[in-house]
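The values are calculated or read from the model by the stated rules, or taken from the named source; none is laboratory data. Just so it is clear, the model here is predicted, and its values are computed rather than measured. Reconstructed Cβ throughout: ideal geometry from the backbone, glycine too, with neighbour counts over all protein chains shown.
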Protein chains: 2
Amino acid sequence: MPIRVLVYEDNTPLREALSVLIDGTSDYDLVGAFGDNLRVVSQVAGLQPDVILMDIDMPGQTGIEAIRKLRQQPTVADVLILTVFDDDDRVFEAIRAGATGYLLKKTQPSRLLEAIREVYEGGAPMSPSIARKVMQTLHYRPNTDISQLTTREGQVLARLADGMSYKLVAADMEISIETVRTYIKRIYEKLHVHSVTEALAKFRS
Amino acid sequence: MPIRVLVYEDNTPLREALSVLIDGTSDYDLVGAFGDNLRVVSQVAGLQPDVILMDIDMPGQTGIEAIRKLRQQPTVADVLILTVFDDDDRVFEAIRAGATGYLLKKTQPSRLLEAIREVYEGGAPMSPSIARKVMQTLHYRPNTDISQLTTREGQVLARLADGMSYKLVAADMEISIETVRTYIKRIYEKLHVHSVTEALAKFRS
DNA sequence: GCTCGTATCCCATGATTATGGGATTGACCG
DNA sequence: CGGTCAATCCCATAATCATGGGATACGAGC
């Protein structure tokens, strides 16, 4: 069963090149190719693609907005972003919106086909520079401040981060609320802050 | 100039196979191959590898602990995890510790060499299933609650998340502290919470 | 013209937090 | 054995925050 691909790309020569590439390769089926994504929701519902190739910079509505609308639907299709932009803002906005993969337009046709298959098979292809950015956002930045908290102080802070009040923290840890207060005072000294919200801002920085 | 590769893998047959593969390929230089990573810091300092292949499950000290120690040094080498584990906990622990790439051991030798080069050139190769997991953690989970906040309410919440007090938020937004209070009251109604920390817990969920 | 939503400000009361003291216990270290 | 540190509890005062009112103004939409 071939992979059903739907293309959104406003640049006509490129859109046609993509169409020819996909339609001309066995195991890949081009189910549509559009120059704008204004009717993306109904088109996806009707054409039932497995993978959607989406350009970011399109007239009327950006590819990112289109992804957001798709996400509000019970869609199963995965979206592969194909763009010339590799600036952090655009990349992460698209990923957060729900993109499954992110390729730069300079990607080779053979790699593009491979990426479409990878998405279809449960992967998340990215250009190398994008992948590195994504990894770096997940890297833990050692925080000398918070690492010097004691076990109990850390537990208190974690509970506060979950939205618990002093009272609840005390109940949950089975200690007196006065003890909670004491720990929080010490946390403030160590982190050089003066309120829970400030401490939490440092905690998750 | 060949890529200098250092291998940590306790399984001897596999370690030797990796050594032969790397050393036998032009443009790749095997600078060392060890069965344990207890002296990883000094070895890396001495051998000056560009890319480190690291197994996770090793005797004495896990590959993740080794990465943590390397991160505390002024090391420039990138670490590529090579493991049989693809469970979420282990994957994300390694990534947070500072791994640059994450490959499963079932990866083909040709793909492995390609991945080493990709790391060297600034990428972050991952097995498809790992890449998908990474992307999903970054996906914004549409929160109907917070999306119904007005512009100003959202701005207030963002500033509270940065650790600002009502007073500071008011000064920063150039509005009265009473207005800040009003917005916060409405935020509480919309998010069904009763404190700043609770609201923030929902805000970033 | 009227309603609704957003943005803005004000007041009063009670609950929670912040700050700055003390105090005790047990573990670990030299 | 004395010192330090983590963990535990208590009190009092001041500052913030939470809650529940009310009020005005402006633009969009019916």
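Listed residues B:Val169, B:Val134; which is part of a helix (DSSP H, G or I), within 11 Å of chain A (Cβ to nearest Cβ), touching a Lys or Arg at 6+ places or on another chain (Cβ under 8 Å) and surrounded by 17 or more Cβ atoms within 10 Å (Cβ to Cβ)?
Being part of a helix (DSSP H, G or I), within 11 Å of chain A (Cβ to nearest Cβ), touching a Lys or Arg at 6+ places or on another chain (Cβ under 8 Å) and surrounded by 17 or more Cβ atoms within 10 Å (Cβ to Cβ) holds for just one of B:Val169, B:Val134, which is B:Val169.
Filtering the stretch A:144-156 down to residues that are hydrophobic (A, V, I, L, M, F, W, C) and closer than 23 Å to B:Arg68 by Cα, which residue is surrounded by the most Cβ atoms within 10 Å (Cβ to Cβ)?
Of everything passing the filter in the stretch A:144-156, A:Leu149 is surrounded by the most Cβ atoms within 10 Å (Cβ to Cβ).
In the stretch B:162-205, which residues are among the hydrophobic types (A, V, I, L, M, F, W, C), in contact with an Asp or Glu (Cβ under 7 Å, 6 or more places away or on another chain) and within 11 Å of DNA strand C (Cβ to nearest atom)?
B:Ile187
Of the numbered conditions (1) among the aromatic types (Phe, Trp, Tyr); (2) within 13 Å of another protein chain (Cβ to nearest Cβ); (3) assigned to a helix (DSSP H, G or I), A:Tyr140 fails exactly one; give the number of that condition.
Single failed check for A:Tyr140: (3).
For the stretch A:175-205, which positions are under 17 Å from A:Ser165 (Cβ atoms) and not in a helix (DSSP H, G or I)?
Within the stretch A:175-205, A:Ile175, A:Ser176, A:Ser195 qualify.
Restricted to the stretch A:172-194, and to residues that are crowded, with 18+ Cβ neighbours inside 10 Å and within 14 Å of another protein chain (Cβ to nearest Cβ), which residue is nearest to DNA strand D (Cβ to nearest atom)?
My answer is A:Val180.
Going by what's in this entry, would B:Thr197 be described as among the polar types (S, T, N, Q), away from DNA strand D (no atom under 14 Å from the Cβ) and within 10 Å of chain A (Cβ to nearest Cβ)?
Here the answer is no, as B:Thr197 does not meet what is asked.
Here are some conditions: (1) among the β-branched types (Val, Ile, Thr); (2) within 14 Å of A:Ala131 (Cβ to Cβ); (3) away from chain A (no Cβ under 11 Å). B:Thr151 meets all but one. Which one does it not meet?
With respect to (1) among the β-branched types (Val, Ile, Thr); (2) within 14 Å of A:Ala131 (Cβ to Cβ); (3) away from chain A (no Cβ under 11 Å), B:Thr151 is out only on (2).
Can we say A:Arg159 is within 10 Å of another protein chain (Cβ to nearest Cβ) and in a helix (DSSP H, G or I)?
It is true that A:Arg159 is within 10 Å of another protein chain (Cβ to nearest Cβ) and in a helix (DSSP H, G or I).
Exactly one of (1) at pLDDT below 95; (2) assigned to a helix (DSSP H, G or I) is unmet by B:Leu149. Its number?
The single condition B:Leu149 does not satisfy is (2).
Any idea how many residues of the stretch B:148-161 are within 9 Å of DNA strand C (Cβ to nearest atom) and not β-branched (Val, Ile, Thr)?
6
Being within 14 Å of chain A (Cβ to nearest Cβ), under 24 Å from B:Val134 (Cβ atoms) and of a type outside the set (Asp, Glu) narrows it down to one of B:Val51, B:Val76, so name that one.
Criteria check complete, one pass: B:Val51.
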